[in-house]
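To start, the structure itself, in structure tokens.
The values are calculated or read from the model by the stated rules, or taken from the named source; none is laboratory data. If you're wondering where the values come from, they're calculated on a predicted model, not measured in any experiment. Backbone-built Cβ (ideal geometry, glycine too); neighbour counts: all protein chains shown.
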Amino acid sequence: MSMTLTAEMNRPLPETVGLVRRSVADTCGHILGMVGTAVDITVVEVHHASV
């Protein structure tokens with residue numbers, strides 16, 4: 001499975017990608033009944049966090 005992501009810099013990018021990856025894998029397992037062996041994420045844009 002692969003996806004693209006636009007991220008905000010309110011936390012380190014590797015942490016954000018890890019959270020998204022885990023969330024996608026959990027959703028596939030719990031809601032769709034699918035087991036994902038890999039979730040490839042490409043960050044296509046980064047925004048500065050707004051205050």
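Within the stretch 7-20, which residues are at pLDDT 90 or above, in contact with a strand residue (DSSP E or B) (Cβ under 6 Å, 6 or more places away or on another chain) and not hydrophobic (A, V, I, L, M, F, W, C)? Correct list: Thr16 only. Taking first residues from the stretch 1-27 that are of a type in the set (D, E, K, R) and partners that are assigned to a strand (DSSP E or B), the Cβ contacts under 8 Å between residues at least 6 apart in sequence or on separate chains come to Glu8/Val46; Glu8/His47; Arg21/Ile41. Can you tell me how many residues in the stretch 29-45 are more than 13 Å from the chain's Cα centre (by Cα), surrounded by 10 or more Cβ atoms within 10 Å (Cβ to Cβ) and not in a loop (DSSP other than H, G, I, E, B)? Going through the stretch 29-45 one residue at a time, the tally reaches 1.
Could you grab me the full set of residues in the stretch 1-18 that are within 8 Å of the chain's Cα centre (by Cα), closer than 17 Å to Val44 by Cβ and part of a helix (DSSP H, G or I)? Result: Thr16, Val17.
Can you confirm whether the stretch 30-38 contains a residue that is out of contact with any strand residue (DSSP E or B) (no Cβ under 7 Å at 6 or more places or on another chain), of a type in the set (A, V, I, L, M, F, W, C) and in contact (Cβ under 8 Å) with a residue 12 or more places away in the chain? I'd like the intermediate steps shown before the answer.
Taking the stretch 30-38 and keeping what is out of contact with any strand residue (DSSP E or B) (no Cβ under 7 Å at 6 or more places or on another chain), we get 30-38.
Filter once more, keeping what is of a type in the set (A, V, I, L, M, F, W, C): 31-32, 34-35, 38.
Narrowing the set further to residues that are in contact (Cβ under 8 Å) with a residue 12 or more places away in the chain leaves 38.
Checking the stretch 30-38: at least one residue is out of contact with any strand residue (DSSP E or B) (no Cβ under 7 Å at 6 or more places or on another chain), of a type in the set (A, V, I, L, M, F, W, C) and in contact (Cβ under 8 Å) with a residue 12 or more places away in the chain.
Residues in the stretch 15-27 include none that are touching a helix residue (DSSP H, G or I) at 6+ places or on another chain (Cβ under 9 Å) and among the polar types (S, T, N, Q).
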